[in-house]
Amino acid sequence: MMNPKPANLTKRIPMTKSFVLILICCSSLLFCTQPNKQINQEFDVSSAVKWTMNSAEYQIITEHLYRTATQNIDTFEFPKESWVVVMDVDETLLNNAEYNRQRDLLGLGYSSGSWAEWVKKETATPVPGSIEFVTQVLDEGGQIALVTNRERELDSFTWNNLTALGFPINRYNTCIMGRSQADKNSVSMEGMINDKDLRRSQIASGRAKYCWEDYPEVKEVWNRPLAIVYQVGDNIKDFSQTTQENVDTKAFIKRISSDVLLLPNAVYGSWE
Ligand SMILES: [Mg+2]
């Protein structure tokens, strides 16, 4: 092979320089734009959160379900003994879509720390129709057990949030039971299928000491057998002895309007 002529060499030098210049420019652009890109990064709010916050459909569905249940309570033949409705809190009484929206905008999901901060703000809004349902149950002489998987240490904040929204609850007619370590441990015990079964059994048998420990004046109301006539929740585990894996959906559907009320939650759940 012949050596390249000097004339060819002189042509190659400017091309190499250009290439190096392009490389430097590209690198500079990359380094200059990277931090801005990070600062200006925006994350989308999920469709499920948007649906819950903005759609007419969510408003209509939840209010319709609660209205139907409220009418059912009005026509119930209640047991002679004292009776109770067991209700979940999140996405059943309280709507936390604003928490999820804020987390989505940060590109983050649920965390126990951010959740506790949110609960302490006491700014969750009511699920449409839920205040009317609770009012009807209490007017009919029922009691309400709030069996929530918010941590038990957060119960006072949950209670404040509910009363500020106008839920007509007091310590006589309502007991709030956040999740304790005993509840978490209970799922390995005989007869406990999900982590709310222990609390439901304590309420039904009048052994839910937590309901009167700080309020001895209400002990006689809770320290007695209570018939659970209705269960309300947005998660299949809000219902006695039920999980995603064991639920008989056709049998469950037959119970709707008689002793269970299931609300929609497209944002999170045991289905994830
Ligand atoms: Mg819930």
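Annotations for the structure displayed:
- Candidates in segment 58-102 are the residues that are of a type in the set (S, T, N, Q) and in a loop (DSSP other than H, G, I, E, B); of these, the one that is farthest from the chain's Cα centre (by Cα) is Ser82.
- Residue count for segment 54-100, restricted to those that are within 16 Å of the ligand (Cβ to nearest atom) and either surrounded by fewer than 21 Cβ atoms within 10 Å (Cβ to Cβ) or more than 22 Å from Ala204 (Cβ to Cβ) (or both): 14.
- Contacts under 9 angstrom Cβ, first residue in segment 216-240 being closer than 14 Å to Lys196 by Cα and without any contact (Cβ under 8 Å) to a residue 40 or more places away in the chain, partner of a type in the set (Lys, Arg) and away from the ligand (no atom under 16 Å from the Cβ), 6 or more apart: Phe239/Arg255
- Restricting attention to segment 122-168, the residues being closer than 17 Å to Tyr230 by Cβ and either within 16 Å of the ligand (Cβ to nearest atom) or surrounded by 17 or more Cβ atoms within 10 Å (Cβ to Cβ) (or both) number 17.
- Test for Ile169: is it in contact (Cβ under 8 Å) with a residue 40 or more places away in the chain and more than 18 Å from the chain's Cα centre (by Cα): no
- Segment 179-219, residues that are part of a helix (DSSP H, G or I), within 15 Å of Asn149 (Cα to Cα) and touching a Lys or Arg at 6+ places or on another chain (Cβ under 7 Å): Asp183
- Lone qualifier among Val267, Val221 - being modelled with pLDDT of 95 or more, over 29 Å from Ala116 (Cα atoms) and crowded, with 18+ Cβ neighbours inside 10 Å: Val221
- Within segment 222-237, tally of residues that are assigned to a loop (DSSP other than H, G, I, E, B) and either within 14 Å of the ligand (Cβ to nearest atom) or of a type in the set (Val, Ile, Thr) (or both): 2
- Breaking point among (1) within 16 Å of the ligand (Cβ to nearest atom); (2) within 30 Å of Lys121 (Cα to Cα), for Arg171: (1)
- Residue-level check: of (1) acidic (Asp, Glu); (2) away from the ligand (no atom under 14 Å from the Cβ); (3) farther than 20 Å from Arg152 by Cα, Asp214 misses just (3).
- Checked against (1) among the polar types (S, T, N, Q); (2) within 16 Å of the ligand (Cβ to nearest atom); (3) modelled with pLDDT of 95 or more, Asn194 meets all criteria but (3).
- When segment 198-209 is filtered for residues that are away from the ligand (no atom under 16 Å from the Cβ) and surrounded by 18 or more Cβ atoms within 10 Å (Cβ to Cβ), the ones remaining, listed by number, are Leu198, Gln202, Ile203, Ala208.
- Taken over segment 59-91, the criterion of being touching a residue at least 12 places away in the same chain (Cβ under 8 Å) and polar (S, T, N, Q) is satisfied by Gln59, Thr62, Thr68, Thr70, Asn72, Ser82.
- Restricting segment 238-259 to residues that are buried (at least 19 other Cβ atoms within 10 Å of the Cβ) and modelled with pLDDT of 95 or more, the residue that is nearest to the ligand (Cβ to nearest atom): Asp238
The values are calculated or read from the model by the stated rules, or taken from the named source; none is laboratory data. This is a predicted model, so every value here is computed, not measured. With ideal geometry, Cβ positions are generated from the backbone for all residues, glycine too; neighbour counts draw on all protein chains shown.
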